[in-house]
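Shown next, in structure tokens, is the structure this report addresses.
Derivation of every value follows stated rules applied to the coordinates shown; laboratory data play no part. As the structure is a computational prediction, the values presented were derived from the model and not from experiment. Here the Cβ is made from the backbone with ideal geometry for all residues, glycine too, and neighbour counts use every protein chain on show.
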Amino acid sequence: MGETISIAVPRKGRPLESVFDRLARRLDVTDVADDVISTLRHEKAVTKGTVEASSGDVYHRLATYSTVDDPQAPEYTLVRDNRAGMPRRIVFDSVTVPIDGHGVDGIPAGTSIRLVGREEPFRALRTHDFALGFDSADLVLEEVVELRPDPLDRIADINARIDPSDTDVRVVTGLGDTVYHTLMATPDVAPSTPSSVPASESATAVDRSFLGDYEGPLCIAPRYERLVQAVLGTETLDGIDFRYPSEELEEEAAIADAGVGVYLTVTGSTAREYGLVLGEQLFPSETVLMENTAEVSTTVAAVRSLLATPETETELVVGSAE
């Protein structure tokens, strides 16, 4: 039997789907990837109440999904969801995938990877429970990136702002599933532009330089406070007062009330529905492969190389870690 390398991954959501998309392309495990993604999307819809459960209660479905007789079949588990009533939700637990024979030197015969679901994979790497893991780059900023007067605008610059005495975790590469923390404002707060200027150009006036002169409330999600400080730079935040959405309001609605805010956008359609002008894309939110440098063995380094080589454009361009 070869070595099994455990890799921490999110239990659900876009980052986990991005991991399985990468594995499907790299390791020819499309069936497993499709199984996990479709199962979790269905269970999310059940939890939200938008579809009826396919069969039985949550425990019956959990037993159906998790085929313990097959050592390479995905396993699932239950967590409390934060929606009203805190229903139990089926999420990813683990799966083992053989990886030798995929053209990377240093991977011994019989080597496998075991993806293990964690609520916060980044923290699992910080505690040296794993050598490799996938998580949102956002969490790295929220946890360990040094705050400086100047802004941080590229994922590729994250490692330079991590204090080596604070953690051994470093970002290796991104997966290209990029959405953006976007600056937005109401038209009455945004810088005025002539009516002849196209809307797409007037939106560019809502940028970092605008914030440098702005004084007043800036609405953000509480979990992104440190991230926003790192991305904007502490100097830009002079005269700015953070405001947070109440539980009753969508983030975009709260930003419209405050006048200015930062929030994740994909299409920006909801923001526009609330009359907001979309401004500068301040920072990419992307799933990243991370390593704990103190835990990297020869085999782990080879697995890292197998998983890190990008097939798509990504916001992160980092050379292979030594």
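General observations
- Length gained on full extension, Arg226 to Thr267, computed as 0.36 nm times the residue gap minus the Cα-Cα distance: 12.3 nm.
- Placing unit charges on the Cβ atoms of the charged side chains and taking the dipole of the chain about its Cα centre, the candidate lying farthest along the positive direction among Gly176, Ile5, Leu237 is Ile5.
- Each of His60, Leu307, Pro217 was scored by the projection of its Cα onto the charge dipole of the chain, and the greatest displacement toward the positive side belongs to His60; charges sit on the C-beta of Lys, Arg, Asp and Glu.
- Gyration tensor over the Cα atoms of the chain: the corresponding equivalent ellipsoid has semi-axes (square roots of 5 times the eigenvalues, largest first) of 37, 25, 17 Å.
- If the chain linking Thr298 and Arg26 were pulled fully straight, counting 0.36 nm for each residue of separation and taking away their Cα-Cα distance, it would gain 95.9 nm.
- A DSSP coil position with no more than 15 other Cβ atoms inside 10 Å describes the following trypsin sites (Lys or Arg not before Pro) in region 1-98: Arg83.
- Residue with peak Gaussian network fluctuation, the chain [Cα springs, cutoff 10 Å], from Asp105, Asp153, Asp129: Asp105
- The alpha-carbon positions of region 179-285 define a convex hull whose volume is 93 Å³ per residue.
- Ranked packing of 280-289, 142-151, most packed first, by mean Cβ within 10 Å: 280-289, 142-151
- Local electrostatic count at Ala33 - Lys and Arg +1, Asp and Glu -1, tallied over other residues with Cβ under 11 Å: -3
- Residues considered: His42, His60, His128. Largest GNM mean-square fluctuation over the chain, using C-alpha springs under 10 Å, is found at His60.
- Nonlocal amide H pairs with Gly233, under 5 Å, H built at 1.01 Å: Leu152
- Region 179-285, dipole about Cα centre (Lys/Arg Cβ +1, Asp/Glu Cβ -1), debye to the nearest 20: 280 debye
- Build a GNM of the chain with springs between Cα atoms under 10 Å apart, and of Leu125, Leu62, Leu40 the one that fluctuates most is Leu62.
- The magnitude of the dipole of the chain, with charges of +1 and -1 set on the Cβ of Lys/Arg and Asp/Glu and taken from the Cα centre, is near 660 debye.
- Amide proton proximity set for Asp81, modelled H, under 5 Å, gap of 5+: Arg88, Arg89
- Cβ-based exposure ranking for Val262, Val36, in which fewest neighbours within 10 Å come first: Val36, Val262
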